[in-house]
Amino acid sequence: MSRLLKAEMYKLKKTTAFKVLIILSIFFALMSIGITKLISSEDFLRNSLGNTMTEQQKDEYIERIEQMSNPSDEVVVSGNIGFHISSSNIFNPKGKELFYGTFGSGVIEIYIAVLVAALVASEYSKNTIKNTLAYGKKRYVYYINKIIITSIAAFICVIVMTGIAGIIGSAIWGWGGLFTFNEFLDIIKQYIAVFLIIASLSSLMTLIATATRSNGATMAIGIVLFAIVLHLIGGFYGIFDWFDAVFKCTPAYLWDSVLRINMKSIDFIRAILSSITIIATAGTAGAYVLEKQDIK
């Protein structure tokens with residue numbers, strides 16, 4: 001498996017889609033910093049209001065924004081798509097808040113859909129899968145390597161994006177207190193959970209790619225189902241107990257629950273167990289589908 005994985009790593013370095021996603025990750029990180037810099041300026045906010053308000057009205061408006069900016073510790077499960085930099089003080093953001101906000105929600109699903117289409121589905125359209133399997137590689141080994149490589153690629157993009165935002169944000173505004181060893185361990189735990197959630201999404205989308213054998217279908221289904229629909233149906237969260245129990249095990253909920261400044265132990269454990277279950281189930285199903293395919 002290691003030799004095949006090395007070959008996949010080599011192909012990853014040459015893949016245009018991966019290079020574009022790295023560039024986008026850098027862009028999104030810098031964009032988040034730039035937008036945070038703008039909205040954290042009281043002068044910019046006052047000037048943007050123009051002459052439509054009196055100074056007193058502007059003061060009252062800014063005061064309301066400051067009161068509304070206090071982040072909630074609740075998991076946001078509906079409509080939370082994109083990057084959301086939540087600050088306890090809008091005019092005094094912290095690198096910690098920028099770091100967590102740049103993980104985004106619904107973004108990584110798009111990344112994985114693109115990567116799976118480029119690294120898995122494209123092998124069907126280019127018919128290169130036949131060449132790989134012709135060397136006697138077992139199909140389940142090939143399949144597992146595809147899940148691993150797409151997971152690693154997406155995880156690298158996340159590290160680039162959040163790392164740049166956290167480092168530059170801390171250099172500008174400070175981390176938000178003393179960066180302790182316990183905080184470092186918490187971030188490591190969160191990255192572990194993030195990687196497993198990414199792997200669970202990669203497993204699901206690799207199954208789709210294997211079943212459809214189509215780049216376009218893989219991206220369309222992956223983006224619509226996991227990046228949009230799954231987040232939108234979160235609007236039912238809190239209405240039905242049975243729905244809440246099921247939804248808490250989905251990648252959309254797991255992602256938002258572990259990426260809080262004060263992640264709870266139950267969220268970490270649920271993310272680990274749910275992700276491993278999805279990886280095992282989707283991985284087994286995908287390997288079975290590949291095994292039964294007639295590849296010529």
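Find, among the chymotrypsin sites (Phe, Trp or Tyr not before Pro) in segment 133-227, those assigned to loop by DSSP (not H, G, I, E, B) with at most 14 other beta-carbon atoms within 10 angstrom. Could the numbers behind the result be given before it?
Numbers: sites: Tyr135, Tyr140, Tyr142, Tyr143, Phe155, Trp173, Trp175, Phe179, Phe181, Phe184, Tyr191, Phe195, Phe226; in loops: Tyr135, Trp175, Phe179.
Within segment 133-227, the qualifying chymotrypsin sites (Phe, Trp or Tyr not before Pro) (loop, at most 14 other Cβ atoms within 10 Å) are Tyr135, Phe179.
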> What is the Cα convex hull volume of the chain when expressed per residue in Å³?
Replying inline: 150 Å³
> Build a GNM of the chain with springs between Cα atoms under 10 Å: which of Lys248, Lys14, Lys96 gets the top mean-square fluctuation?
Replying inline: Lys14
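For segment 1-292, what is the charge dipole size about the Cα centre, in debye to the nearest 20, if Lys and Arg each add +1 at the Cβ and Asp and Glu each add -1 at the Cβ? Walk me through the numbers on the way to the answer.
Working: 25 positive and 20 negative charges, 418 e Å.
So the dipole magnitude of segment 1-292 works out to roughly 2000 debye.
Which order do the peptides 109-117, 236-244 take when ranked by the mean count of other beta-carbon atoms within 10 Å per residue, highest first?
Numbers: 109-117: 26.7, 236-244: 11.6.
So the order, starting with the most tightly packed, is 109-117, 236-244.
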>> Just to verify a number: what accessible area does Lys137 come out at with the full protein assembly present, 1.4 Å probe, Å² rounded to tens?
In response: 80 Å²
>> Past the 15 angstrom mark, what percentage of all C-alpha to C-alpha distances in segment 191-248 do you count?
In response: 60 percent
>> If a paramagnetic tag sat 7 Å from the Cα of Leu5 along the Cα-Cβ line, which residues of segment 123-150 would have the backbone N under 18 Å from that point?
In response: 137-150
> Which cross-chain or sequence-distant (5 or more) residues have an amide H under 5 Å from the amide H of Gly104, H modelled 1.01 Å from N in plane?
Replying inline: His84
>> Out of the total accessible area of the chain (probe 1.4 Å, heavy atoms of protein only), what percent is carbon and sulfur?
In response: 65 percent
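If you roll a 1.4 Å probe over the heavy atoms of the protein chains, what accessible area per residue do you get for the chain, in Å²?
Details: 14750 Å² over 296 residues.
In whole numbers, the chain has 50 Å² accessible per residue.
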> Residue-wise, which Karplus ³J(HN,Hα) couplings in Hz belong to segment 222-234, taking 6.51 cos²θ - 1.76 cosθ + 1.60, θ = phi - 60°, and x for glycine or proline?
Replying inline: x, 6, 5, 6, 8, 8, 10, 4, 4, 6, 5, 5, x
> Quick one: net charge of His231's neighbours, Cβ under 15 Å, K/R +1, D/E -1?
Replying inline: -1
>> For the chain, take the longest principal axis of its alpha carbons; what is the angle in degrees between that and the long axis of helix 2-14, to the nearest 10 within 0 to 90?
In response: 50 degrees
> Got a sec to turn the phi values of segment 240-248 into Karplus ³J(HN,Hα) couplings, 6.51 cos²θ - 1.76 cosθ + 1.60 with θ = phi - 60°, whole Hz, x for Gly and Pro?
Replying inline: 10, 5, 5, 5, 4, 4, 6, 5, 5
>> Spelling out what I want: for every residue of segment 278-290, take phi, set θ = phi - 60°, compute 6.51 cos²θ - 1.76 cosθ + 1.60 (Karplus), and round to whole Hz; glycine and proline get x.
In response: 5, 4, 5, 5, 5, x, 5, 5, x, 5, 5, 4, 5
> How far is helix 55-68 tilted, in degrees, relative to the longest principal axis of the Cα atoms in the chain, given as a value from 0 to 90 rounded to the nearest 10?
Replying inline: 40 degrees
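The values are calculated or read from the model by the stated rules, or taken from the named source; none is laboratory data. Keep in mind it's a predicted model, so treat the numbers as computed, not measured. All Cβ positions, even for glycine, are placed from backbone atoms using ideal geometry, and neighbour counts span all protein chains on display. Please note that ligands, DNA and RNA were not included when accessible areas were found on the heavy atoms of the full protein model with its side chains. Shrake-Rupley method; radii C 1.70, N 1.55, O 1.52, S 1.80 Å.
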